[in-house]
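**Student:** Submitted below is the structure of interest, expressed as structure tokens.
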Amino acid sequence: MRIAIIGLRGIPANYGGFETFAEELAPRLVDRGHQVAVYGRSNHIRYAAPFYKGVAIKKLPTIAQKYFDTLVHTALSSVHCSVTHGYDAVLMVNAANAAFALFPRLAGIPVALNVDGIERLRRKWG
């Protein structure tokens, strides 16, 4: 199965929970015979190789600004994985990204959304 993981900063983890989650999950899926790609933000990934523990690293650009970074990157990742790579499933993280599940779903790709908490209650949003 070809699986894309989108909506996070990327792996190897250098920030938070979604990144650690993906860094732990993706190589385990690879070990079970799946092809996995993690979409990361070019402004956060410092890892230069195209693969990390067997996981394809897809670096895409974003707007490096607190309020737009996640949304812009997830929108771009959703379109990219839907149109160009023929994934069998998409794992999207972060409830704020849910609207972008539309793109893979329109392409016939099932989407699972991992929700880590209620975004509007987080300190960073004031």
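**Student:** Please determine, by comparing only the residues of segment 1-20 that are hydrophobic (A, V, I, L, M, F, W, C) and touching an Asp or Glu at 6+ places or on another chain (Cβ under 8 Å), which one is nearest to residue 110 (Cα to Cα).
**Tutor:** This residue is 3.
**Student:** Related question: What helices (runs of 4 or more DSSP H) lie completely within segment 1-114 and have 1 or more residues being out of contact with any helix residue (DSSP H, G or I) (no Cβ under 9 Å at 6 or more places or on another chain) and open to solvent by less than 60 Å² (accessible area, probe 1.4 Å)?
**Tutor:** Because the criterion is at least 1 residues that are out of contact with any helix residue (DSSP H, G or I) (no Cβ under 9 Å at 6 or more places or on another chain) and open to solvent by less than 60 Å² (accessible area, probe 1.4 Å), the helices (runs of 4 or more DSSP H) in segment 1-114 that meet it are 17-31, 69-83.
**Student:** Starting from segment 18-43, take each residue that is under 19 Å from residue 81 (Cα atoms) and list its partners that are assigned to a helix (DSSP H, G or I), counting only C-beta distances under 6 angstrom and pairs at least six apart or across chains.
**Tutor:** Pairs that qualify, where the first residue is under 19 Å from residue 81 (Cα atoms) and the partner is assigned to a helix (DSSP H, G or I), are 36/26; 36/29; 36/30; 38/22; 38/26; 39/77; 41/73.
The values are calculated or read from the model by the stated rules, or taken from the named source; none is laboratory data. These figures come from a predicted structure and were not determined experimentally. So basically every Cβ, Gly included, is an ideal-geometry build from the backbone, and we count neighbours across all protein chains shown. Protein only, heavy atoms only, side chains kept; ligands, DNA and RNA dropped before computing areas. Shrake-Rupley method; radii C 1.70, N 1.55, O 1.52, S 1.80 Å.
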